[in-house]
Amino acid sequence: MTDFRPPRTIFGVRRRPGKASQGILSLGGRTFRCALGKGGITALKREGDGATPLADLRVLGGYFRPDGVVRRRDRLGLTPIGGDLGWCDAPDDRNYNRPVRLPYPASHENMRRKDRLYDVCIVLDWNISPRRRNCGSAIFLHIARPGYLPTEGCIALSPRDMQVILPLLSTRTVFRVMR
């Protein structure tokens, strides 16, 4: 039987020289500036360390704001972000590193952020299955703050660059974070 799945797309992610919390995302001959975690890149990711994991991060799916700044063209079938969508970041909670419905009693992120960083939010396969307590949660590809200020461990792009790469993403896409 022939395998008709699209080929795997691998984006390379490296830190910018002299800037541990900023990176360069590359595919083929194209490069894009990105923000990384305030803790740089680490092989020993822990909850709350603010670091981007040194790993191959596969795209699992994601979310978008219908009223967002990025025109959505994607192959992922992104889910709209409603006002009740959260993401649990409490290591002792049964829904750790999972989407939750708000209000939620344990520590969580509100996915409908006022700062619009999650206008497009791609879920990356970090500590999803299996989940390990305190090994990090909510590792996403999302919109960067102006000036590419550090993230809490995610990879973040400008709205314009997100719009360029969004149509290239599938569940066979991998972000290879390297040193």
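The values are calculated or read from the model by the stated rules, or taken from the named source; none is laboratory data. Quantities reported herein were computed from a predicted structural model and do not represent experimental measurements. Using ideal geometry, Cβ is built from the backbone for each residue, glycine included, and neighbour counts are taken over all protein chains shown. Accessible surface is based on the protein model in full, side chains and every heavy atom, while ligands, DNA and RNA are left aside. Shrake-Rupley method; radii C 1.70, N 1.55, O 1.52, S 1.80 Å.
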Apply the Karplus curve 6.51 cos²θ - 1.76 cosθ + 1.60, θ = phi - 60°, to the phi angles in segment 13-20 and return the couplings in whole Hz, x for Gly and Pro. 10, 10, 6, 6, x, x, 9, 4
What shape does segment 93-134 take by its C-alpha gyration tensor, where a ≥ b ≥ c are the square roots of the eigenvalues and a/c under 1.5 counts as rounded, a/b above b/c as prolate, and the rest as oblate? oblate
Given 4 °C and 1.567 mPa s, how large is the Stokes-Einstein diffusion coefficient of segment 56-120 in µm²/s, with Rh as the Kirkwood radius over Cα pairs? 102
Percent antiparallel among DSSP beta bridges with both residues in segment 32-179, to the nearest 5? 70
Tabulate in residue order the Karplus-calculated ³J(HN,Hα) for segment 71-85, using 6.51 cos²θ - 1.76 cosθ + 1.60 with θ = phi - 60°, rounded to whole Hz; enter x for Gly and Pro. 5, 7, 10, 8, 9, 8, x, 4, 8, x, 8, x, x, 9, 9
Could you work out the Rg to Rh ratio of segment 62-163, with Rh taken as the Kirkwood radius (inverse of the mean 1/r over all Cα pairs)? 0.95
Determine the relative contact order of segment 39-179: mean sequence separation of Cα pairs under 8 Å and six or more apart, normalised by residue count, in whole percent. 33
Tell me the per residue accessible area of the chain using a 1.4 Å probe; a whole number in Å² is fine. 51
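In whole percent, and with a 1.4 Å probe on the protein chains, what portion of the accessible area of the chain is carbon and sulfur?
51
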Placing unit charges on C-beta atoms (Lys and Arg positive, Asp and Glu negative, everything else neutral), compute the dipole magnitude of the chain about its Cα centre in debye, rounded to 20. 540
Please list the non-local residues whose amide H lies under 5 Å from the amide H of Gly48, H modeled 1.01 Å from N, same-chain partners needing a gap of 5 or more. Ser137
The long-range amide H neighbours of Gly23, using H built 1.01 Å from N in the peptide plane and a cut-off of under 5 Å, are Arg16, Cys34, Ala35, Leu36
Gain in length, Ser107 to Val69, computed as 0.36 nm per residue apart minus the alpha-carbon separation, to one decimal in nm? 10.9 nm
Gained length - Ile24 relative to Gln163, 0.36 nm times residue gap less alpha-carbon distance: 48.4 nm
For the chain, what does the helix formula give at 222 nm: sum of -39500 (n - 2.57) over DSSP H segments with n ≥ 4, over the residue count, nearest 500 deg cm²/dmol? -1000 deg cm²/dmol
Subtract the Cα-Cα distance of Asp115 and Asp56 from 0.36 nm times their separation in residues, and report this length gain in nm to one decimal. 18.5 nm
Two pseudo-spin positions, 7 Å from Cα along C-beta at Ser170 and at Arg145, lie apart in nanometres by 3.6
Would you list the P(r) distribution for segment 1-79, with all Cα-Cα distances sorted into 5 Å bins from 0 and each bin expressed as a whole %? 3, 12, 15, 18, 20, 17, 9, 3, 2, 0
With Cα extents along the principal axes in Å as the read-out, I listed (1) 46, 42, 37; (2) 51, 46, 33; (3) 56, 37, 31; which label goes with the value calculated from this structure? (1)
